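Below is one structure, written out as C-alpha coordinates, with a few remarks after it.
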Amino acid sequence: MSKERIKFPVRIGLLGCGTVGGGVIRLIAENQEYLTSRVGAPLEIRRVLVRDAEKDRVPECRREWITTAADEVFAKDIDVLVEVIGGEEPAKTLIERAIREGKGVVTANKLLLAKHGPALVRMATEHGVDLAFEASVGGGIPIIRTLREALTSDWVESVHGILNGTCNYILTRMRDGKVSFDVALGEAQAKGYAEADPTLDVDGHDAAQKLCVISMLAFGANVHESDVPVEGIRLVDQLDFRFAERFGYTIKHLVIGRDLGDRIALRVHPALIPKHSVLANIDGVLNGVLVVGRGLGPCLLVGRGAGDMPTAVSVVADIVDVARSKIGGEPGLSTRGIQTQDRALAPLAEVTSRFYLRFDVEDRPGVLGKIASGLGEAGVSIEQMVQEGRAVEVDDAVPVLIITHACREGAVRAALDSIGREVFMHGRPRLLRIEDV
Ligand code: NAP
Ligand code: HSE
(Lines give C-alpha, C1' and ligand atoms only; values in the text may rest on other atoms or scores of the structure.)
(Ligands and ions follow the chains in the order given, each with its own letter.)
Protein backbone atom coordinates (compact mmCIF):
# COMPACT_ATOMS: atom_id res chain seq x y z
CA MET A 1 0.00 0.00 0.00
CA SER A 2 2.81 2.41 0.91
CA LYS A 3 4.38 2.00 -2.53
CA GLU A 4 1.14 3.09 -4.20
CA ARG A 5 1.54 6.30 -6.14
CA ILE A 6 -0.71 9.10 -5.01
CA LYS A 7 -3.67 9.73 -7.26
CA PHE A 8 -4.33 13.44 -7.45
CA PRO A 9 -4.73 15.38 -5.21
CA VAL A 10 -2.62 14.79 -2.05
CA ARG A 11 -5.23 14.21 0.65
CA ILE A 12 -4.38 15.48 4.12
CA GLY A 13 -5.84 14.54 7.48
CA LEU A 14 -4.99 17.23 10.04
CA LEU A 15 -5.00 16.40 13.75
CA GLY A 16 -5.33 19.69 15.63
CA CYS A 17 -6.33 23.20 14.64
CA GLY A 18 -4.74 25.33 17.33
CA THR A 19 -1.77 27.66 16.90
CA VAL A 20 0.15 25.39 14.52
CA GLY A 21 -2.80 23.65 12.84
CA GLY A 22 -4.41 27.03 12.11
CA GLY A 23 -1.13 28.22 10.59
CA VAL A 24 -0.93 25.10 8.42
CA ILE A 25 -4.43 25.66 7.05
CA ARG A 26 -3.66 29.32 6.34
CA LEU A 27 -0.34 28.61 4.67
CA ILE A 28 -1.80 25.91 2.40
CA ALA A 29 -4.67 28.24 1.46
CA GLU A 30 -2.39 31.23 0.82
CA ASN A 31 0.17 29.29 -1.24
CA GLN A 32 -2.15 26.78 -2.90
CA GLU A 33 -1.09 27.44 -6.48
CA TYR A 34 2.58 27.65 -5.68
CA LEU A 35 2.50 24.48 -3.59
CA THR A 36 0.66 22.59 -6.31
CA SER A 37 3.46 23.35 -8.74
CA ARG A 38 6.09 22.38 -6.17
CA VAL A 39 4.43 19.07 -5.29
CA GLY A 40 3.08 18.23 -8.71
CA ALA A 41 -0.42 17.84 -7.26
CA PRO A 42 -2.74 20.03 -5.19
CA LEU A 43 -2.72 19.67 -1.41
CA GLU A 44 -6.25 19.04 -0.20
CA ILE A 45 -7.27 19.04 3.46
CA ARG A 46 -9.96 16.40 3.98
CA ARG A 47 -10.63 16.42 7.71
CA VAL A 48 -9.46 18.36 10.78
CA LEU A 49 -9.64 16.69 14.20
CA VAL A 50 -10.30 18.95 17.21
CA ARG A 51 -11.64 18.59 20.74
CA ASP A 52 -14.27 21.32 20.53
CA ALA A 53 -16.20 21.46 17.26
CA GLU A 54 -17.85 24.76 18.20
CA LYS A 55 -14.70 26.81 18.69
CA ASP A 56 -13.87 29.57 16.20
CA ARG A 57 -11.07 28.61 13.80
CA VAL A 58 -8.95 30.51 11.30
CA PRO A 59 -11.22 31.81 8.48
CA GLU A 60 -9.58 29.49 5.93
CA CYS A 61 -10.72 26.42 7.92
CA ARG A 62 -13.94 25.09 6.36
CA ARG A 63 -16.68 24.05 8.75
CA GLU A 64 -17.21 20.72 6.95
CA TRP A 65 -13.62 19.65 7.65
CA ILE A 66 -14.04 19.79 11.42
CA THR A 67 -14.62 16.58 13.35
CA THR A 68 -14.12 15.34 16.90
CA ALA A 69 -13.89 11.69 15.79
CA ALA A 70 -10.46 10.40 14.75
CA ASP A 71 -12.07 7.58 12.74
CA GLU A 72 -13.58 10.17 10.42
CA VAL A 73 -10.10 11.43 9.55
CA PHE A 74 -8.97 7.93 8.59
CA ALA A 75 -12.25 7.20 6.79
CA LYS A 76 -11.40 9.96 4.31
CA ASP A 77 -8.73 7.86 2.58
CA ILE A 78 -5.94 10.26 3.34
CA ASP A 79 -2.37 10.15 2.00
CA VAL A 80 -0.67 12.21 4.71
CA LEU A 81 -1.54 12.48 8.39
CA VAL A 82 -0.40 15.74 9.99
CA GLU A 83 -0.29 15.58 13.79
CA VAL A 84 -0.34 18.93 15.57
CA ILE A 85 -2.42 18.13 18.64
CA GLY A 86 0.64 17.66 20.86
CA GLY A 87 1.05 15.44 23.93
CA GLU A 88 1.59 11.70 24.08
CA GLU A 89 -1.94 10.38 23.58
CA PRO A 90 -3.94 10.16 21.41
CA ALA A 91 -1.11 11.44 19.16
CA LYS A 92 0.97 8.23 19.45
CA THR A 93 -1.91 5.85 18.78
CA LEU A 94 -3.08 7.86 15.78
CA ILE A 95 0.42 8.16 14.30
CA GLU A 96 1.00 4.42 14.72
CA ARG A 97 -2.30 3.70 13.05
CA ALA A 98 -1.38 5.96 10.13
CA ILE A 99 2.00 4.23 9.74
CA ARG A 100 0.37 0.80 9.81
CA GLU A 101 -2.07 1.97 7.13
CA GLY A 102 0.80 3.18 4.93
CA LYS A 103 0.16 6.92 5.28
CA GLY A 104 2.98 9.41 5.36
CA VAL A 105 3.16 11.19 8.72
CA VAL A 106 4.18 14.73 9.61
CA THR A 107 4.40 15.76 13.26
CA ALA A 108 5.54 18.77 15.29
CA ASN A 109 5.38 16.81 18.52
CA LYS A 110 8.74 16.89 20.32
CA LEU A 111 7.27 15.48 23.53
CA LEU A 112 6.19 12.35 21.67
CA LEU A 113 9.46 12.08 19.74
CA ALA A 114 11.54 12.51 22.92
CA LYS A 115 9.76 9.47 24.37
CA HIS A 116 9.18 7.32 21.33
CA GLY A 117 11.13 8.88 18.43
CA PRO A 118 13.50 5.97 17.64
CA ALA A 119 10.66 3.41 17.90
CA LEU A 120 8.39 5.46 15.63
CA VAL A 121 11.21 5.95 13.11
CA ARG A 122 11.83 2.17 13.12
CA MET A 123 8.15 1.49 12.66
CA ALA A 124 7.89 3.96 9.76
CA THR A 125 10.97 2.42 8.14
CA GLU A 126 9.55 -1.09 8.48
CA HIS A 127 6.30 0.03 6.85
CA GLY A 128 8.09 1.98 4.12
CA VAL A 129 6.51 5.33 4.98
CA ASP A 130 7.91 8.75 5.82
CA LEU A 131 7.82 10.18 9.31
CA ALA A 132 8.80 13.85 9.05
CA PHE A 133 9.26 16.13 12.06
CA GLU A 134 10.98 19.38 11.06
CA ALA A 135 8.66 21.52 13.22
CA SER A 136 9.45 19.56 16.37
CA VAL A 137 12.70 21.51 16.84
CA GLY A 138 13.29 25.21 16.26
CA GLY A 139 9.87 26.08 14.76
CA GLY A 140 10.62 27.46 11.31
CA ILE A 141 14.39 26.81 11.37
CA PRO A 142 15.36 23.93 9.05
CA ILE A 143 17.60 22.20 11.60
CA ILE A 144 16.20 18.70 11.10
CA ARG A 145 16.73 18.83 7.33
CA THR A 146 20.19 20.27 7.86
CA LEU A 147 21.22 17.42 10.15
CA ARG A 148 19.41 14.69 8.20
CA GLU A 149 20.39 15.74 4.70
CA ALA A 150 22.95 18.52 4.39
CA LEU A 151 25.26 17.12 7.07
CA THR A 152 24.74 13.45 6.31
CA SER A 153 28.26 13.43 4.88
CA ASP A 154 29.86 14.92 7.99
CA TRP A 155 30.45 13.94 11.61
CA VAL A 156 28.68 16.27 14.03
CA GLU A 157 31.01 17.09 16.90
CA SER A 158 28.76 19.42 18.88
CA VAL A 159 25.46 21.23 18.92
CA HIS A 160 24.72 24.34 20.98
CA GLY A 161 21.17 25.58 20.70
CA ILE A 162 18.89 28.29 21.99
CA LEU A 163 15.81 26.21 21.34
CA ASN A 164 13.13 27.44 23.65
CA GLY A 165 11.66 30.71 22.42
CA THR A 166 9.82 31.31 25.68
CA CYS A 167 13.01 31.05 27.78
CA ASN A 168 14.92 33.19 25.33
CA TYR A 169 12.16 35.80 25.33
CA ILE A 170 12.04 35.86 29.15
CA LEU A 171 15.83 36.11 29.56
CA THR A 172 16.04 38.84 26.92
CA ARG A 173 13.28 40.87 28.58
CA MET A 174 14.86 40.41 32.01
CA ARG A 175 18.25 41.57 30.68
CA ASP A 176 17.12 44.45 28.41
CA GLY A 177 13.82 45.51 29.98
CA LYS A 178 14.84 44.71 33.59
CA VAL A 179 11.38 43.16 34.07
CA SER A 180 10.79 40.33 36.51
CA PHE A 181 10.59 36.68 35.50
CA ASP A 182 6.79 36.62 36.11
CA VAL A 183 6.12 39.70 33.97
CA ALA A 184 8.24 38.36 31.13
CA LEU A 185 6.55 34.93 31.30
CA GLY A 186 3.12 36.62 31.14
CA GLU A 187 4.21 38.48 28.01
CA ALA A 188 5.50 35.26 26.39
CA GLN A 189 2.19 33.54 27.11
CA ALA A 190 0.19 36.45 25.72
CA LYS A 191 2.21 36.28 22.51
CA GLY A 192 1.46 32.54 22.11
CA TYR A 193 5.09 31.37 22.46
CA ALA A 194 4.66 29.28 25.58
CA GLU A 195 3.34 25.72 25.68
CA ALA A 196 -0.14 25.18 27.14
CA ASP A 197 1.74 24.22 30.32
CA PRO A 198 4.53 26.86 30.50
CA THR A 199 6.49 24.84 33.08
CA LEU A 200 7.55 22.72 30.09
CA ASP A 201 9.30 25.83 28.78
CA VAL A 202 10.70 27.53 31.87
CA ASP A 203 11.85 24.35 33.60
CA GLY A 204 13.74 23.25 30.49
CA HIS A 205 11.73 20.16 29.51
CA ASP A 206 10.68 21.49 26.10
CA ALA A 207 14.34 22.18 25.28
CA ALA A 208 15.38 18.75 26.59
CA GLN A 209 12.80 17.10 24.33
CA LYS A 210 14.26 19.00 21.38
CA LEU A 211 17.75 17.83 22.32
CA CYS A 212 16.52 14.22 22.26
CA VAL A 213 15.23 14.74 18.72
CA ILE A 214 18.47 16.43 17.65
CA SER A 215 20.52 13.61 19.21
CA MET A 216 18.81 11.02 17.00
CA LEU A 217 20.08 12.84 13.92
CA ALA A 218 23.32 14.49 15.08
CA PHE A 219 24.69 11.60 17.15
CA GLY A 220 22.64 8.62 15.91
CA ALA A 221 21.58 8.09 19.51
CA ASN A 222 18.45 6.73 21.16
CA VAL A 223 17.94 9.29 23.89
CA HIS A 224 15.01 9.49 26.26
CA GLU A 225 14.14 12.79 27.92
CA SER A 226 14.91 11.27 31.32
CA ASP A 227 18.54 10.72 30.16
CA VAL A 228 19.15 14.47 29.81
CA PRO A 229 20.22 16.57 32.83
CA VAL A 230 17.86 19.54 32.76
CA GLU A 231 17.70 22.91 34.51
CA GLY A 232 15.33 25.75 33.76
CA ILE A 233 15.59 29.50 34.23
CA ARG A 234 13.50 30.16 37.34
CA LEU A 235 16.52 30.84 39.58
CA VAL A 236 18.21 33.36 37.28
CA ASP A 237 17.67 36.88 38.62
CA GLN A 238 18.66 40.49 37.95
CA LEU A 239 21.79 40.19 40.10
CA ASP A 240 23.05 37.33 37.91
CA PHE A 241 22.53 39.47 34.80
CA ARG A 242 24.37 42.36 36.40
CA PHE A 243 27.38 40.25 37.29
CA ALA A 244 27.34 38.31 34.02
CA GLU A 245 27.53 41.69 32.26
CA ARG A 246 30.37 42.83 34.53
CA PHE A 247 32.38 39.69 33.77
CA GLY A 248 31.74 40.07 29.98
CA TYR A 249 28.95 37.53 29.57
CA THR A 250 25.26 37.27 28.89
CA ILE A 251 22.91 34.51 30.06
CA LYS A 252 21.16 32.14 27.65
CA HIS A 253 19.23 28.93 28.11
CA LEU A 254 21.14 26.33 26.09
CA VAL A 255 20.82 22.80 24.89
CA ILE A 256 24.27 21.27 24.52
CA GLY A 257 25.26 18.02 22.88
CA ARG A 258 28.79 16.78 22.24
CA ASP A 259 30.07 13.64 20.63
CA LEU A 260 33.03 12.48 22.72
CA GLY A 261 33.68 9.44 20.52
CA ASP A 262 33.01 6.62 22.97
CA ARG A 263 30.02 8.47 24.46
CA ILE A 264 27.93 11.60 24.18
CA ALA A 265 27.47 14.45 26.65
CA LEU A 266 24.03 16.04 26.75
CA ARG A 267 22.68 18.78 28.99
CA VAL A 268 20.15 21.60 29.13
CA HIS A 269 20.60 24.58 31.41
CA PRO A 270 21.07 28.34 31.59
CA ALA A 271 24.68 29.34 30.95
CA LEU A 272 26.90 32.39 30.81
CA ILE A 273 28.21 32.83 27.28
CA PRO A 274 30.68 35.51 26.15
CA LYS A 275 29.01 38.70 24.91
CA HIS A 276 30.86 38.32 21.61
CA SER A 277 29.56 34.75 21.03
CA VAL A 278 27.51 34.23 17.86
CA LEU A 279 24.70 33.01 20.13
CA ALA A 280 24.79 36.04 22.46
CA ASN A 281 22.65 38.33 20.31
CA ILE A 282 20.03 35.79 19.29
CA ASP A 283 17.36 37.48 21.32
CA GLY A 284 13.65 37.52 22.02
CA VAL A 285 11.71 34.56 20.70
CA LEU A 286 14.39 33.80 18.12
CA ASN A 287 16.03 30.39 18.21
CA GLY A 288 19.56 29.61 17.10
CA VAL A 289 21.56 26.44 16.65
CA LEU A 290 25.31 26.28 16.27
CA VAL A 291 26.37 22.94 14.80
CA VAL A 292 30.05 22.08 14.55
CA GLY A 293 30.85 19.44 11.97
CA ARG A 294 34.26 17.78 11.76
CA GLY A 295 34.60 18.64 8.09
CA LEU A 296 32.32 21.66 7.93
CA GLY A 297 33.38 23.51 11.08
CA PRO A 298 30.79 25.84 12.65
CA CYS A 299 27.41 26.41 11.01
CA LEU A 300 24.81 28.72 12.55
CA LEU A 301 21.07 28.60 11.91
CA VAL A 302 18.88 31.37 13.33
CA GLY A 303 15.17 32.04 13.01
CA ARG A 304 11.74 32.09 14.55
CA GLY A 305 11.42 29.07 16.77
CA ALA A 306 7.75 29.32 17.67
CA GLY A 307 4.45 30.81 16.56
CA ASP A 308 1.81 29.80 14.02
CA MET A 309 3.33 30.77 10.68
CA PRO A 310 7.03 29.94 11.23
CA THR A 311 6.05 26.52 12.57
CA ALA A 312 3.55 26.02 9.75
CA VAL A 313 6.33 26.69 7.24
CA SER A 314 8.18 23.64 8.59
CA VAL A 315 5.06 21.47 8.77
CA VAL A 316 3.99 22.31 5.22
CA ALA A 317 7.53 21.79 3.90
CA ASP A 318 7.36 18.30 5.45
CA ILE A 319 3.98 17.70 3.80
CA VAL A 320 5.52 18.69 0.47
CA ASP A 321 8.45 16.29 1.02
CA VAL A 322 6.25 13.39 2.05
CA ALA A 323 3.88 14.01 -0.85
CA ARG A 324 6.75 14.25 -3.31
CA SER A 325 8.34 11.03 -2.17
CA LYS A 326 5.00 9.22 -2.47
CA ILE A 327 4.35 10.69 -5.89
CA GLY A 328 7.89 9.76 -6.90
CA GLY A 329 7.26 6.16 -5.83
CA GLU A 330 9.88 6.27 -3.03
CA PRO A 331 7.90 6.70 0.19
CA GLY A 332 9.96 6.35 3.34
CA LEU A 333 13.24 7.36 1.71
CA SER A 334 14.10 10.18 4.13
CA THR A 335 13.15 8.21 7.23
CA ARG A 336 15.18 5.15 6.17
CA GLY A 337 18.32 7.28 6.46
CA ILE A 338 17.82 7.82 10.21
CA GLN A 339 19.74 5.16 12.10
CA THR A 340 20.02 5.22 15.86
CA GLN A 341 21.57 3.06 18.54
CA ASP A 342 22.00 3.13 22.31
CA ARG A 343 25.05 5.24 23.15
CA ALA A 344 26.75 5.74 26.51
CA LEU A 345 26.13 9.10 28.15
CA ALA A 346 28.81 11.07 29.99
CA PRO A 347 27.64 11.84 33.57
CA LEU A 348 27.25 15.54 34.27
CA ALA A 349 29.71 15.28 37.17
CA GLU A 350 32.46 14.43 34.67
CA VAL A 351 31.76 17.32 32.31
CA THR A 352 34.41 20.03 32.53
CA SER A 353 33.71 23.74 32.26
CA ARG A 354 34.24 27.04 34.01
CA PHE A 355 31.64 28.05 36.57
CA TYR A 356 29.96 31.19 37.87
CA LEU A 357 29.23 30.67 41.55
CA ARG A 358 27.12 32.85 43.77
CA PHE A 359 27.14 32.76 47.55
CA ASP A 360 24.75 34.99 49.49
CA VAL A 361 26.60 35.27 52.79
CA GLU A 362 26.85 37.12 56.10
CA ASP A 363 29.18 40.09 55.81
CA ARG A 364 31.81 39.23 58.43
CA PRO A 365 35.54 38.49 58.63
CA GLY A 366 36.72 35.05 57.53
CA VAL A 367 33.80 34.26 55.21
CA LEU A 368 35.69 34.79 51.95
CA GLY A 369 38.55 32.69 53.30
CA LYS A 370 36.23 29.79 54.11
CA ILE A 371 34.66 29.91 50.64
CA ALA A 372 38.08 30.00 48.99
CA SER A 373 39.43 27.11 51.07
CA GLY A 374 36.24 25.05 50.51
CA LEU A 375 36.75 25.40 46.78
CA GLY A 376 40.50 24.81 47.07
CA GLU A 377 40.04 21.58 49.06
CA ALA A 378 37.85 20.22 46.27
CA GLY A 379 40.52 21.15 43.70
CA VAL A 380 38.55 24.08 42.28
CA SER A 381 40.73 27.01 41.30
CA ILE A 382 39.38 30.60 41.38
CA GLU A 383 39.81 32.88 38.36
CA GLN A 384 37.94 35.97 39.62
CA MET A 385 36.11 36.92 42.80
CA VAL A 386 33.87 39.91 43.60
CA GLN A 387 31.99 40.88 46.74
CA GLU A 388 29.53 43.68 46.23
CA GLY A 389 28.12 46.13 48.77
CA ARG A 390 28.04 46.05 52.54
CA ALA A 391 25.42 44.64 54.83
CA VAL A 392 23.41 47.41 56.49
CA GLU A 393 21.85 45.17 59.15
CA VAL A 394 23.83 42.46 60.91
CA ASP A 395 21.66 39.73 59.36
CA ASP A 396 21.76 41.10 55.81
CA ALA A 397 23.35 38.94 53.13
CA VAL A 398 25.86 40.18 50.58
CA PRO A 399 26.59 38.38 47.33
CA VAL A 400 30.01 36.88 46.68
CA LEU A 401 30.54 36.00 43.02
CA ILE A 402 33.26 33.69 41.83
CA ILE A 403 34.37 32.61 38.38
CA THR A 404 36.36 29.37 38.48
CA HIS A 405 38.98 27.97 36.17
CA ALA A 406 37.88 24.93 34.17
CA CYS A 407 37.19 21.94 36.40
CA ARG A 408 34.96 18.89 36.71
CA GLU A 409 31.40 19.65 37.74
CA GLY A 410 31.59 16.90 40.35
CA ALA A 411 34.41 18.79 42.12
CA VAL A 412 32.43 22.04 42.20
CA ARG A 413 29.32 20.26 43.47
CA ALA A 414 31.33 18.68 46.31
CA ALA A 415 32.69 22.10 47.31
CA LEU A 416 29.22 23.71 47.17
CA ASP A 417 27.80 20.93 49.34
CA SER A 418 30.31 21.59 52.08
CA ILE A 419 30.24 25.41 51.81
CA GLY A 420 26.43 25.27 51.72
CA ARG A 421 26.42 23.82 55.24
CA GLU A 422 28.33 26.80 56.71
CA VAL A 423 26.34 28.98 59.12
CA PHE A 424 27.28 32.16 57.25
CA MET A 425 25.34 31.02 54.16
CA HIS A 426 21.94 32.55 53.35
CA GLY A 427 20.22 29.96 51.16
CA ARG A 428 22.01 27.48 48.91
CA PRO A 429 25.05 28.46 46.84
CA ARG A 430 24.14 28.91 43.20
CA LEU A 431 25.95 27.64 40.13
CA LEU A 432 25.76 28.66 36.49
CA ARG A 433 28.01 27.02 33.92
CA ILE A 434 30.12 29.11 31.57
CA GLU A 435 30.10 27.93 27.96
CA ASP A 436 32.87 29.43 25.86
CA VAL A 437 30.85 28.94 22.71
P1 NAP B 1 -2.59 24.15 20.58
O2 NAP B 1 -2.70 25.55 20.14
O3 NAP B 1 -2.92 23.82 22.00
O4 NAP B 1 -3.53 23.29 19.62
C5 NAP B 1 -3.79 21.93 19.82
C6 NAP B 1 -4.92 21.51 18.89
O7 NAP B 1 -5.12 20.11 19.04
C8 NAP B 1 -6.26 22.17 19.20
O9 NAP B 1 -6.96 22.43 18.01
C10 NAP B 1 -7.01 21.11 20.01
O11 NAP B 1 -8.41 21.13 19.81
C12 NAP B 1 -6.46 19.84 19.39
N13 NAP B 1 -6.43 18.72 20.32
C14 NAP B 1 -5.69 18.62 21.45
N15 NAP B 1 -5.91 17.45 22.05
C16 NAP B 1 -6.81 16.80 21.29
C17 NAP B 1 -7.47 15.54 21.40
N18 NAP B 1 -7.24 14.71 22.42
N19 NAP B 1 -8.35 15.20 20.43
C20 NAP B 1 -8.59 16.04 19.41
N21 NAP B 1 -8.02 17.25 19.24
C22 NAP B 1 -7.14 17.61 20.19
O23 NAP B 1 -1.14 23.56 20.32
P24 NAP B 1 -0.05 24.13 19.30
O25 NAP B 1 0.67 25.25 19.92
O26 NAP B 1 -0.68 24.31 17.97
O27 NAP B 1 1.00 22.91 19.28
C28 NAP B 1 0.74 21.74 18.55
C29 NAP B 1 2.01 20.90 18.48
O30 NAP B 1 3.02 21.64 17.82
C31 NAP B 1 2.61 20.52 19.84
O32 NAP B 1 3.19 19.25 19.73
C33 NAP B 1 3.66 21.58 20.06
O34 NAP B 1 4.69 21.16 20.94
C35 NAP B 1 4.17 21.74 18.65
N36 NAP B 1 4.83 23.02 18.37
C37 NAP B 1 4.22 24.18 18.69
C38 NAP B 1 4.82 25.39 18.37
C39 NAP B 1 4.17 26.70 18.69
O40 NAP B 1 4.78 27.74 18.44
N41 NAP B 1 2.96 26.72 19.22
C42 NAP B 1 6.07 25.38 17.72
C43 NAP B 1 6.67 24.16 17.40
C44 NAP B 1 6.03 22.98 17.72
P45 NAP B 1 -9.31 22.38 20.32
O46 NAP B 1 -8.85 23.55 19.50
O47 NAP B 1 -10.70 21.98 20.03
O48 NAP B 1 -8.99 22.54 21.78
N1 HSE C 1 7.02 26.69 23.61
C2 HSE C 1 7.99 26.48 22.59
C3 HSE C 1 9.02 27.60 22.69
C4 HSE C 1 7.31 26.50 21.25
O5 HSE C 1 8.83 28.52 23.48
O6 HSE C 1 10.04 27.51 22.03
C7 HSE C 1 8.18 26.00 20.16
O8 HSE C 1 8.52 24.66 20.32
Given 12, 28, 45, which one is more than 16 Å from residue 103 (Cα to Cα) and at pLDDT 95 or above?
-> 28
If only one of 92, 55 is in a helix (DSSP H, G or I) and either among the basic types (Lys, Arg) or within 10 Å of ligand 1 (Cβ to nearest atom) (or both), which one is it?
-> 92
Looking at this structure, is residue 406 open to solvent by 50 Å² or more (accessible area, probe 1.4 Å) and of a type in the set (Gly, Ala, Ser)?
-> yes
Modelled with pLDDT of 95 or more, away from ligand 2 (no atom under 16 Å from the Cβ) and closer than 18 Å to residue 144 by Cβ - does that describe any residue in region 268-280?
-> no
Residue within region 357-370 that is assigned to a helix (DSSP H, G or I), farther than 30 Å from residue 161 by Cβ, aliphatic (A, V, I, L, M) and touching a strand residue (DSSP E or B) at 6+ places or on another chain (Cβ under 6 Å) present = yes
Options 126, 157: the member that is away from ligand 2 (no atom under 16 Å from the Cβ), assigned by TED's automatic domain parsing to the domain that holds residue 184, among the charged types (D, E, K, R) and not in a loop (DSSP other than H, G, I, E, B) | 157
Matching residues, region 183-194, being under 21 Å from residue 269 (Cβ atoms), without any contact (Cβ under 8 Å) to a residue 40 or more places away in the chain and either near ligand 2 (Cβ under 8 Å from one of its atoms) or of a type outside the set (Gly, Ala, Ser) (or both) | 185, 194
Which residue, of 296, 345, 301, 286, is within 16 Å of ligand 2 (Cβ to nearest atom), open to solvent by 20 Å² or more (accessible area, probe 1.4 Å), modelled with pLDDT of 90 or more and within 23 Å of residue 220 (Cβ to Cβ)?
-> 301
Test residue 28 against the criterion of being more than 9 Å from ligand 1 (Cβ to nearest atom), assigned to a strand (DSSP E or B) and either within 25 Å of residue 330 (Cα to Cα) or of a type outside the set (A, V, I, L, M, F, W, C) (or both), and give yes or no.
-> no
How many residues does region 77-128 hold that are open to solvent by 50 Å² or more (accessible area, probe 1.4 Å) and at positive phi?
-> 1
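Quick grid of which residues meet (1) farther than 22 Å from residue 253 by Cα; (2) modelled with pLDDT of 95 or more; (3) assigned by TED's automatic domain parsing to the domain that holds residue 368:
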| residue | (1), (2), (3) |
| --- | --- |
| 398 | yes, no, yes |
| 403 | no, yes, yes |
| 407 | no, yes, yes |
| 410 | no, yes, yes |
| 414 | yes, yes, yes |
| 418 | yes, yes, yes |
| 421 | yes, yes, yes |
| 427 | yes, no, yes |
How many residues are open to solvent by less than 10 Å² (accessible area, probe 1.4 Å) and within 16 Å of ligand 1 (Cβ to nearest atom) if we restrict to region 136-176?
-> 16
Can you name every residue in region 67-76 that is touching a strand residue (DSSP E or B) at 6+ places or on another chain (Cβ under 9 Å), open to solvent by 30 Å² or more (accessible area, probe 1.4 Å) and either at pLDDT 95 or above or within 16 Å of ligand 2 (Cβ to nearest atom) (or both)?
-> 68, 69, 72
Evaluate the following for residue 20: is it surrounded by 14 or more Cβ atoms within 10 Å (Cβ to Cβ) and within 16 Å of ligand 2 (Cβ to nearest atom)?
-> yes
Of the residues 207, 221, which is more than 22 Å from residue 184 (Cβ to Cβ), of a type outside the set (Val, Ile, Thr) and either assigned by TED's automatic domain parsing to the domain that holds residue 360 or in contact with a Leu (Cβ under 9 Å, 6 or more places away or on another chain) (or both)?
-> 221
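The values are calculated or read from the model by the stated rules, or taken from the named source; none is laboratory data. Computed from a predicted model, the values in this text were never measured in an experiment. Reconstructed Cβ throughout: ideal geometry from the backbone, glycine too, with neighbour counts over all protein chains shown. Keep in mind that these areas ignore ligands, DNA and RNA; they rest on the heavy atoms of the full protein, side chains included. Shrake-Rupley method; radii C 1.70, N 1.55, O 1.52, S 1.80 Å.
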